[in-house]
1. Would you mind pulling out the separation of the Cα centroids of segment 343-398 and segment 128-142, in Å?
2. If you average 1/r across every pair of different Cα atoms in segment 89-183 and take the reciprocal, what Kirkwood value do you get, in Å?
3. Given a Förster distance of 51 angstrom, what is the FRET efficiency for ILE366 paired with VAL281, based on the Cβ-Cβ distance and rounded to 0.05?
4. Counting Lys and Arg as +1 and Asp and Glu as -1, what is the net charge of the other residues whose Cβ lies under 13 Å from the Cβ of GLU178?
5. Can you compute the charge dipole magnitude of segment 64-150 about its Cα centre, using +1 on each Lys and Arg Cβ and -1 on each Asp and Glu Cβ, nothing else charged? Give it in debye, rounded to the nearest 20.
6. Residues of segment 369-398 with backbone nitrogen within less than 17 Å of a virtual label 7 Å along the Cα-to-Cβ line of LEU200, please, listed as ranges.
7. For LEU268 and TYR176 in the same chain, what is the full-extension length gain: residue separation times 0.36 nm, less their Cα-Cα distance, in nm?
8. Please report the net charge: other residues with Cβ closer than 13 Å to the Cβ of GLY153, K and R +1, D and E -1.
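The values are calculated or read from the model by the stated rules, or taken from the named source; none is laboratory data. The structure presented is a predicted model; accordingly, all values stated were derived computationally and were not measured. With ideal geometry, Cβ positions are generated from the backbone for all residues, glycine too; neighbour counts draw on all protein chains shown. For accessibility, only protein heavy atoms count, side chains too; no ligands or nucleic acids. Shrake-Rupley method; radii C 1.70, N 1.55, O 1.52, S 1.80 Å.
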Amino acid sequence: MKKLLLLVLTLFTLNVMAQDTTLASVSTDPLLLKLTQFHTKVATMNLDISTLKLDMNWKKITKFATVYGAVNGGTSLSDRDVFSVTNGLQTETVETPYDYSVILGVRKIARMGYEPKEAFKNGQENSFSDASTVGKVKGFEYLFELSYVRQEGESYNNQHHFLRYIDDTYILKGEYLEDGFADIKYFETSQRYRHKVESLDNLTFLPKELKKGKLSFNIGAAQRIAEPYGYDPLAEWVLDNGSLHYTFLALEEGYSVDFTNPEGIQYLDPSGNVVATSTEVWEAVVIPTVLADYSEKKRDELENTIQHSLIVGFDYYLYTKKLWLHSWGNLMPYHYDAGDEFSYHKYNNDEQWYDYSGGLIFGYKINKHLGVFVEGKYNKYWNREWHDFSLGINYILF
């Protein structure tokens, strides 16, 4: 009734203002003046209510979220001595700087029953359940995390962000992953229909205890934006006999060979520095670096491609104090071929392929003393694979 009254007053006021009467004549009419003032008051009240609702929704979205930042470090590889006898015995000590990570993030993901409650987050927690398709609760969940990591002397920029909305009948998710260590980077969105299995009693092959779990299936579409994985920049340099014309490639990249020294040949980098004085060193040390730099440069020159795929999956969750099992899987069996120059179809003989991901978290307390656990996740997208796992046994003495 309130909305109807507000709509009528709005239309009435707009109609009056749209007439040929002047603003002065409207302001002199007591009835119109009162109606206009009443409309303004109601509209202001409605705006205040909308602002209040927006504020309340924002509080709901951020409630129980955790903002964290941390610096972690530790010893890396120990120093090692490298010996050379080219000009007599020479020793060089190779030092690897200490490992560290700088992490900043914010997350709101409901803690699963099997996950321990942490006093503080340092960003190094290996929460396998973050990769699951379905969380513990319905509604919005999110993770935004940036990290700069140095490991064994190599530095990486890592990012992992996702926002998902879970409902009884559908799942919406957007995710960005950049893992420098695994050399994978992509942005993915998916829209899925979700079907919850009401009862597992009809699945006779399941043990009685596992029939208490919650199982759901999903199907939908996924869109991924990434560099053209599968593209081989070195393919154009391969000769008919299968060998690689690496010296000519190095010359094209600015390297040069100096034969003026009668005592031996010298190989120079684009800056004119001598990088090798023998063919053996040139082929074993310099050329691998040239090929790696060239491949990275050529891939960076290409634009990202978009891949549309069909996606199907499942999620199963069971938790008791004695047994817990959480498993999920996703399969992309079909990918639309748009005929792009750098489509992955071209690198796969114009055939379809399977991209998939999954995870398993299992724990079982055999008795008061003994318990076992297995945790892991695995991903394969295009020609990239990355995974983590952990398994073990606990025995409590008392």
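1. What the calculation gives is 17 Å, centre to centre.
2. Averaging 1/r across every pair of different Cα atoms and inverting gives 15.7 Å.
3. 0.30
4. -4
5. 660
6. Counting only backbone N, you get 374.
7. 29.0 nm
8. -3
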